[in-house]
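All remarks here apply to the structure that follows.
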Amino acid sequence: MKVTLQPSGAVLEVEAGEAILDAARRLGYTCPQSCRNGNCHVCAALLIEGRVCQNGAELDHGELYTCIAEPLQDCVLHWDGVLLPGELPVRSLGCQVVGCIEVGGDVWRVLLRAPAGKPPRYHAGQYLLIERLDGEQSAFSLASAPQQGRDLELHILGREASALNLLQQLREQGTARVQLPFGDAHLAELPDGPLVLIAAGTGMAQMHSLIEECRSRGFQHPVHLYWGARRPEDFYQLPHWDEWQALPNLSLHQVVSDQCGWQGRCGLLHEAVREDFADLSTLHVYASGSPSMVYATLDALVEAGMDAHQMRADVFAYAPRD
């Protein structure tokens, strides 16, 4: 039987005689539960459609307890607190600002430290939200990787007034209230094949996290980084760049779009990728930048033979196009 969960939209394949909670856990979901005998009510859900058997009684609507309810037909449940396989719970943390360092190109490297005993949980490539003084929140990719424990790193471009105000807030307050993790363009699981990482400007923060994760987990497939900027002086200092250059399976490409004649590559990021790969079919592609840049890259690589499903980007979720 199929059990559809709201609000996530996940669909569970439940075997005959199997409790809904047991099926969800077998399939890798993390679910609210405690006693597993229907007494604590932690696993309660609302039956919207279908029929279930619970303690010998048949139910066709209302509250049920997923640890003992067995579906008799396809059902729809409203069940809060269920996390999909690989999904982590969103948490709020009050972090100490331990560094705010200008690293070139008007970019600031912001270092935060989570409270002792509360290490943040996130996947490499995810992002967080910082709360501003007016209560609004701003999203920034995590440049740190999970093995860094309590230490979180952000790369903030300090050109617009909103970013400059936030940087001033962090320096003056010395603390930051954050929520994390968000985003599904991450590396909860390492792919079985080469990685192509495409970043524009401070989109490099996300790729920094992915590369450090691959390095810490001994990823053996080739990794190709394409980092784009309008001018050479827009590239900023990365703490591990020199170490990365010595890695045998990591290829680093800096691409300038508005000024040719420097010592590196010129043009658009997707042009550089297409120049380097005649066959795109085996690549796992991650992209970070503005929506226009990400979609232009997607279209160009699909035109060159890539399947659209090979590319992941947070833009697809927060700025979907028609």
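The values are calculated or read from the model by the stated rules, or taken from the named source; none is laboratory data. It should be emphasised that the depicted structure is a prediction, and the values quoted were computed from it without experimental measurement. For neighbour counting, all protein chains shown are included, and Cβ atoms are generated from backbone atoms with ideal geometry for every residue, glycine included. Ligands, DNA and RNA are stripped out before the accessible areas are found, and what is left, the full protein with its side chains, is counted by its heavy atoms. Shrake-Rupley method; radii C 1.70, N 1.55, O 1.52, S 1.80 Å.
Of all residues in region 112-133, which are in contact with a His (Cβ under 7 Å, 6 or more places away or on another chain) and either open to solvent by 50 Å² or more (accessible area, probe 1.4 Å) or under 21 Å from Phe235 (Cα atoms) (or both)?
Matches in region 112-133: Gly125 only.
In region 167-220, of all residues being in a loop (DSSP other than H, G, I, E, B) and over 18 Å from the mean Cα position of the chain (by Cα), the one that is surrounded by the most Cβ atoms within 10 Å (Cβ to Cβ) corresponds to Phe219. Any chance region 79-91 includes a residue that's more than 30 Å from Pro232 (Cβ to Cβ), free of Cβ contacts under 8 Å to residues at least 12 places away in the same chain, outside the structural domain of Ser162 (by the TED database) and hydrophobic (A, V, I, L, M, F, W, C)? No. When the residues of region 8-51 are filtered to those that are charged (D, E, K, R) and open to solvent by 70 Å² or more (accessible area, probe 1.4 Å), which remaining residue is farthest from Gln73 (Cα to Cα)? Once the filter is applied, the top-ranked residue is Arg36.
For residues in region 240-285 being free of Cβ contacts under 8 Å to residues at least 12 places away in the same chain and either in a loop (DSSP other than H, G, I, E, B) or among the small types (Gly, Ala, Ser) (or both), which is most open to solvent (accessible area, probe 1.4 Å)? Residue satisfying both the conditions and the ranking: Gln263. Of the residues examined, Arg321 is not one that is at pLDDT 95 or above and either surrounded by fewer than 19 Cβ atoms within 10 Å (Cβ to Cβ) or in contact with a Lys or Arg (Cβ under 8 Å, 6 or more places away or on another chain) (or both).
Could you check region 230-239 and list, in sequence order, the residues that are within 15 Å of His208 (Cβ to Cβ) and either aliphatic (A, V, I, L, M) or assigned to a helix (DSSP H, G or I) (or both)? Explain how you work it out, then say what you get.
So the first thing to find is which residues in region 230-239 are within 15 Å of His208 (Cβ to Cβ), and the list is 235-239.
If the condition is that a residue be within 15 Å of His208 (Cβ to Cβ) and either aliphatic (A, V, I, L, M) or assigned to a helix (DSSP H, G or I) (or both), then Leu238 is the only one that fits.
Checking each residue in region 286-322 for being part of a strand (DSSP E or B) and touching a Gly at 6+ places or on another chain (Cβ under 9 Å) picks out Tyr286, Ala287, Ser288, Arg312.
A quick yes/no check of all residues on (1) touching a Ser or Thr at 6+ places or on another chain (Cβ under 9 Å); (2) open to solvent by 70 Å² or more (accessible area, probe 1.4 Å); (3) in a strand (DSSP E or B):
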{"site": "Cys53", "(1), (2), (3)": "no, no, yes"}
{"site": "Ile68", "(1), (2), (3)": "no, no, no"}
{"site": "Asp80", "(1), (2), (3)": "no, yes, no"}
{"site": "Glu87", "(1), (2), (3)": "yes, yes, no"}
{"site": "Gly94", "(1), (2), (3)": "yes, no, yes"}
{"site": "Val98", "(1), (2), (3)": "no, no, yes"}
{"site": "Gly104", "(1), (2), (3)": "no, no, no"}
{"site": "Val110", "(1), (2), (3)": "no, no, yes"}
